[in-house]
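Here the structure is laid out as structure tokens; the discussion comes afterwards.
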Amino acid sequence: MGAILKRELIGFFKNPSGYFILAIYALLSALFFNLFVILNSTSYMGGYFGIWLTLVSMIVVSVLSMRFFSEEKKHKTDQLILTSPLGLNALVLGKFFGGMIVYTAATLLNLIYVVIIDWFGKADYGLVCANLLGTLLLGACLISIALFVSSLTESSIGAAAGTFAVFFLMMMADFVAVFLPSGIRTVVARLNIFLEYTNFMNGEISLASVIYYLSLTALFLFLSVRIIERRRWR
Amino acid sequence: MIEVRGLTKRYGKKTAVDNISFSIQGGEIVGFLGPNGAGKSTTMNMLTGYISSNVGTISIGGYDLLEFPKQAKQQIGYLPEVPPLYMDMTVREYLNFVYNLKGCKFPRQAHIADICQVVRISHVYHRMIKNLSKGYRQRVGLAQALINNPEILILDEPTVGLDPKEIVEIRNLIKRLGETRTIILSSHVLSEIQAVCERVIIINEGHIVTDALTEDLARSAAANSRYAVRVAAPEDQVVPVFSAIPGMLHVEYVGCMEPGTVDVMIEAEKDTDIRRALFEECAKRGWYILVITPVGVSLEDIFLQLVETPDLEGPARLEETSGMPEPSETTETEEQK
């Protein structure tokens, strides 16, 4: 796994792509921070994290997905990896943690805003910590979904567009659920992974939400492994 | 070393590889020969575990590829048709990455330095792969395959797209590597197989057409002596008269290239010097032999006979090949995969 992780980081940070992703994140988060925190003259960052930053995460992870598997397939480097003694689990985990490191680096940019708030007023550290944790957990979930979508397609653009489409559909899940029979309504509504974030937004760290995000992450990582395995049989 | 039994691969309705079996002993250099699209790359991809077969088993050094993929893959170094390189890495970073990927246990610096020396890339060690020429990229690809010192090397069209000097160098390198390893080399270039391999497996449309020693194949091809003859003689008499000469196997009318002469292709039994009898026969009738050229049968002819399909007729057929011609190297790639 270490080899793949290292390769991912070289791929991200020796190319413009890693910096490009960080730049998009910085730009969008600064914009939303200005619009919804500074201009509102508030020190409450829950709304910024819970609503606007999740949107930024969706966009950034979609861009991130372009690099996962489609790029390898395009340059035929998947032949090297899949014929090496390395197992598929290690491959997928290496990719996942590579994505997580870039995402975490981006998330840490938010600390600048906390410093700004603290400079002019009083930042709620508890709320900020809960939100940072929530952002990372949501990110892990989003990245695992992106990996899954990326394993399905050979085109980078397809991976990005597909990933964003899946995020968007998940966001709509609880709206759609209203029209469904009561039996499956709850299940479908729970597919909206952004809804689960509400607890973190209010500064609460609920064990149920942590488990929800971690188990979804594990599920999509597992599905990615299965998809890659299955492709070899076709 | 390698045991393949009843291997079949279907892509949708198309059967790319159909029930092939062969085994390769340790230390052999085996050529995998076939026209583009014959199923060479598909077979190699299955051997290396990149894709799975629909039916059949592959065992590498006693380990079944499906049951013990890790142990089996550890014994293989694979250079695919397109070298699997990361353009954004330097040669040093790339080889270190492959070293980690394969979980290599040899002393890192020494092992990588040795390989770089063998494939002669030490002087580009710190350069970005994207800035290297095709020949050097191919060498880096080969270096990658050599990491972890695998006992089996599988090389898919290793000289495609290289210039003639590079081709010779890579071939010599493969021969050197073959002294201590088992090598499977695929190619659609016959001279390459003849120059490098001891044994050749010819594959066409997913089937194995021939599996023989290169030497035997060439010998069986050269078993009969063939000559192209131009003789000044009446057109209608040449074929019957020549056919009657003892030891003559076959006389084929080719045409009339010069006025008053006839061109024929003759084939005589092995160990019979047909030229003397031919001369006497012609002298007796007052015919003049203007040209008599020995025509060697090359691996090329055998190959074409074996894989011949209607669209290979015509210009693709090499009629007169004295000795081994150097076929033009093409950069076509297989449509498979």
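The values are calculated or read from the model by the stated rules, or taken from the named source; none is laboratory data. All of these numbers come straight from a predicted model, not from anything done at the bench. Every residue, glycine among them, receives a Cβ derived from its backbone with ideal geometry; neighbour counts consider all protein chains shown. Quick note on the areas: whole protein, heavy atoms, side chains included, nothing else; ligands and nucleic acids left out. Shrake-Rupley method; radii C 1.70, N 1.55, O 1.52, S 1.80 Å.
Taking the criterion of being without any contact (Cβ under 8 Å) to a residue 40 or more places away in the chain and under 17 Å from residue A:200 (Cα atoms), the residues of the stretch A:108-128 that qualify are A:108, A:111, A:125. Among the residues in the stretch A:169-179, are any under 14 Å from the mean Cα position of the chain (by Cα) and open to solvent by less than 30 Å² (accessible area, probe 1.4 Å)? Yes, there is a match, as at least one residue in the stretch A:169-179 is under 14 Å from the mean Cα position of the chain (by Cα) and open to solvent by less than 30 Å² (accessible area, probe 1.4 Å).
Those helices (runs of 4 or more DSSP H) of the stretch B:64-148 in which at least 2 residues are more than 9 Å from chain A (Cβ to nearest Cβ) and touching a residue at least 40 places away in the same chain (Cβ under 8 Å), considering only elements entirely within it, cover B:91-101, B:134-146.
Here are the criteria: (1) in contact with a Phe, Trp or Tyr (Cβ under 9 Å, 6 or more places away or on another chain); (2) more than 30 Å from residue B:14 (Cβ to Cβ). Tell me which single one residue B:258 does not satisfy. Only one criterion is unmet by residue B:258, namely (1). Among residues of the stretch A:1-49 being farther than 20 Å from residue A:136 by Cβ and polar (S, T, N, Q), the one that is nearest to the chain's Cα centre (by Cα) is A:17.
Name the single residue that is least open to solvent (accessible area, probe 1.4 Å) among those in the stretch B:250-291 being more than 14 Å from residue B:228 (Cα to Cα) and among the aliphatic types (A, V, I, L, M). Among residues in the stretch B:250-291 that are more than 14 Å from residue B:228 (Cα to Cα) and among the aliphatic types (A, V, I, L, M), the one least open to solvent (accessible area, probe 1.4 Å) is B:277.
Which of the residues spanning the stretch B:105-117 are within 27 Å of residue B:71 (Cβ to Cβ), out of contact with any Asp or Glu (no Cβ under 9 Å at 6 or more places or on another chain) and surrounded by fewer than 18 Cβ atoms within 10 Å (Cβ to Cβ)? Let's see the steps before the verdict.
Within the stretch B:105-117, the first condition is being within 27 Å of residue B:71 (Cβ to Cβ), and the residues that meet it are B:105-112, B:114-115.
Cutting the leftovers down to out of contact with any Asp or Glu (no Cβ under 9 Å at 6 or more places or on another chain) gives us B:105, B:107-112, B:114-115.
Across the stretch B:105-117, the qualifying residues are B:105, B:107, B:108, B:109, B:110, B:114.
Among the criteria (1) closer than 30 Å to residue B:212 by Cβ; (2) not in a strand (DSSP E or B), the one residue B:267 does not fulfil is (2).
Scanning the stretch B:13-21 for residues that are closer than 16 Å to residue A:232 by Cβ and either out of contact with any Lys or Arg (no Cβ under 8 Å at 6 or more places or on another chain) or in a strand (DSSP E or B) (or both) turns up at least one hit.
Quick check on my filter: what residues within the stretch A:180-195 are more than 28 Å from residue A:123 (Cα to Cα) and open to solvent by less than 80 Å² (accessible area, probe 1.4 Å)? Hits for the stretch A:180-195 are A:180, A:183, A:188, A:189, A:192.
Residue check: residue A:79 meets all listed conditions (1) open to solvent by 10 Å² or more (accessible area, probe 1.4 Å); (2) within 14 Å of another protein chain (Cβ to nearest Cβ) but one, namely (1). If only residues of the stretch A:129-181 that are free of Cβ contacts under 8 Å to residues at least 40 places away in the same chain and outside any helix (DSSP H, G or I) are counted, the one that is farthest from residue A:37 (Cα to Cα) is A:181. Residues that are outside any helix (DSSP H, G or I) and open to solvent by less than 90 Å² (accessible area, probe 1.4 Å) within the stretch A:196-234 comprise A:202, A:203, A:206, A:232, listed in sequence order.
Selection of the stretch B:35-63 for residues being open to solvent by less than 10 Å² (accessible area, probe 1.4 Å) and away from chain A (no Cβ under 11 Å) yields B:38, B:39, B:40, B:42, B:43, B:60. Just one of the listed residues (B:120, B:92, B:127, B:139) is at positive phi, open to solvent by 10 Å² or more (accessible area, probe 1.4 Å) and outside the structural domain of residue B:42 (by TED's automatic domain parsing), namely B:120.
One line per residue, one yes/no per condition, for (1) assigned to a helix (DSSP H, G or I); (2) touching a residue at least 60 places away in the same chain (Cβ under 8 Å); (3) more than 30 Å from residue B:129 (Cα to Cα):
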| site | (1), (2), (3) |
| --- | --- |
| A:10 | yes, no, no |
| A:19 | yes, no, no |
| A:33 | yes, yes, yes |
| A:41 | no, no, yes |
| A:49 | yes, yes, yes |
| A:61 | yes, yes, no |
| A:72 | yes, no, no |
| A:81 | yes, yes, no |
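Could you say whether any residue in the stretch A:137-152 is over 26 Å from residue A:91 (Cβ atoms), more than 14 Å from chain B (Cβ to nearest Cβ) and open to solvent by 40 Å² or more (accessible area, probe 1.4 Å)? Reasoning before the result, please.
Here is the first cut: in the stretch A:137-152, the ones over 26 Å from residue A:91 (Cβ atoms) are none.
Within the stretch A:137-152, none of the residues are over 26 Å from residue A:91 (Cβ atoms), more than 14 Å from chain B (Cβ to nearest Cβ) and open to solvent by 40 Å² or more (accessible area, probe 1.4 Å).
In the stretch B:190-206, how many residues are aliphatic (A, V, I, L, M) and surrounded by fewer than 20 Cβ atoms within 10 Å (Cβ to Cβ)?
Step one: filter the stretch B:190-206 for residues aliphatic (A, V, I, L, M), giving B:190, B:193, B:195-196, B:200-203.
Then drop every residue that is not surrounded by fewer than 20 Cβ atoms within 10 Å (Cβ to Cβ), which leaves B:195.
Residues flagged as aliphatic (A, V, I, L, M) and surrounded by fewer than 20 Cβ atoms within 10 Å (Cβ to Cβ) within the stretch B:190-206 amount to 1.
Sort through B:56, B:61 and tell me the only one that's at positive phi and either touching a strand residue (DSSP E or B) at 6+ places or on another chain (Cβ under 6 Å) or basic (Lys, Arg) (or both). Walk me through how you get there before you give the answer.
Working: B:61 fails: either touching a strand residue (DSSP E or B) at 6+ places or on another chain (Cβ under 6 Å) or basic (Lys, Arg) (or both).
Selected residue: B:56, the only one of B:56, B:61 that is at positive phi and either touching a strand residue (DSSP E or B) at 6+ places or on another chain (Cβ under 6 Å) or basic (Lys, Arg) (or both).
Does residue A:114 count as part of a helix (DSSP H, G or I), more than 30 Å from residue B:101 (Cβ to Cβ) and open to solvent by less than 60 Å² (accessible area, probe 1.4 Å)?
Details: part of a helix (DSSP H, G or I): yes; more than 30 Å from residue B:101 (Cβ to Cβ): yes; open to solvent by less than 60 Å² (accessible area, probe 1.4 Å): yes.
Spelling it out, residue A:114 is indeed part of a helix (DSSP H, G or I), more than 30 Å from residue B:101 (Cβ to Cβ) and open to solvent by less than 60 Å² (accessible area, probe 1.4 Å).
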